Structure formats: C-alpha cells, structure tokens
Amino acid sequence: MPKAKAKKVRLSKKDKVVTGLIGGLAEYFSIDSTLLRILTIIVAAVSGFFPLIIAYFVAAVLVSQQA
C-alpha cells in the first residue's frame, strides 16, 4: 500500500504580496488568499499589530527554511 504524501505549507511564488506566506497558507487550506489577508489585518488590528507582525515574519522564515 503506497504512503500518502505529506502536505507542507510553502511560501507562494505566484500569490505573493510581501513574503508569500499568506498565499501559501491559502493554498494549503484551499481558501481564498484575499479572505485570509483580510482576516489577518483584522486580527492584527485587534491584537495591536506588533505581535502579529513579529509572528508573521518568524513564520515566513521558518516556512522558507522548511522547504
């Protein structure tokens, strides 16, 4: 029986605004990247922007090293 290939989050090369992280997450979860970007902006506004900005760039570095 063949093993299922593990799905990984990758930075998007075609749906990219800053690093491609949101585009890659949208591809991984099969949702619209615009919707995910709007949700990210809303969460950033509620959390005070700074924590989410730090988390975004840390995640982008970790995802790019993983690929």
Which label marks the calculated value of percent of Cα pairs over 20 Å apart, given the options (1) 32; (2) 42; (3) 46? (1)
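Once the piece of chain linking Lys3 and Arg37 is laid out straight, how much longer is it, given 0.36 nm per residue of separation minus the C-alpha distance between them? Could you put the intermediate results ahead of the total?
Values: separation 34, 0.36 × 34 = 12.24 nm, distance 3.36 nm.
Between Lys3 and Arg37, full extension yields an extra 8.9 nm.
Around Tyr28, what is the net charge, scoring Lys/Arg as +1 and Asp/Glu as -1 over all other residues with Cβ under 10 Å from its Cβ? Write out the running numbers ahead of the final one.
Values: positive: Lys7, Lys8, Arg10; negative: Glu27.
Taking every Cβ under 10 Å from that of Tyr28, the sum is +2.
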Cβ-Cβ cut-off under 14 Å around Tyr56, Lys and Arg +1, Asp and Glu -1: the net charge is +2
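Pairs of Cα atoms under 8 Å, at least six residues apart: use those to get the relative contact order of the chain, whole percent. Intermediate results must be reported in sequence, preceding the final value.
Details: 57 pairs, mean separation 18.9, N = 67.
Rounded, it is 28 percent for the chain.
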Karplus 3J(HN,Hα) series, Hz, for region 41-55 with 6.51 cos²θ - 1.76 cosθ + 1.60 (x for Gly, Pro): 5, 5, 5, 4, 5, 6, 8, x, 6, 4, x, 6, 4, 4, 4
What list of ³J(HN,Hα) values in whole Hz, one per residue of region 8-23 in order, does the Karplus curve 6.51 cos²θ - 1.76 cosθ + 1.60 (θ = phi - 60°) give from phi, with Gly and Pro shown as x? 10, 7, 10, 6, 6, 8, 9, 10, 10, 10, 10, 10, x, 5, 5, x
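Throughout, read-outs are computed from the coordinates displayed, never taken from laboratory work. Predicted model, so just to flag it, every value in this text is computed and none were measured. Because the Cβ atoms are built from the backbone with ideal geometry, glycine has one as well, and the counts that use them run over all protein chains shown.
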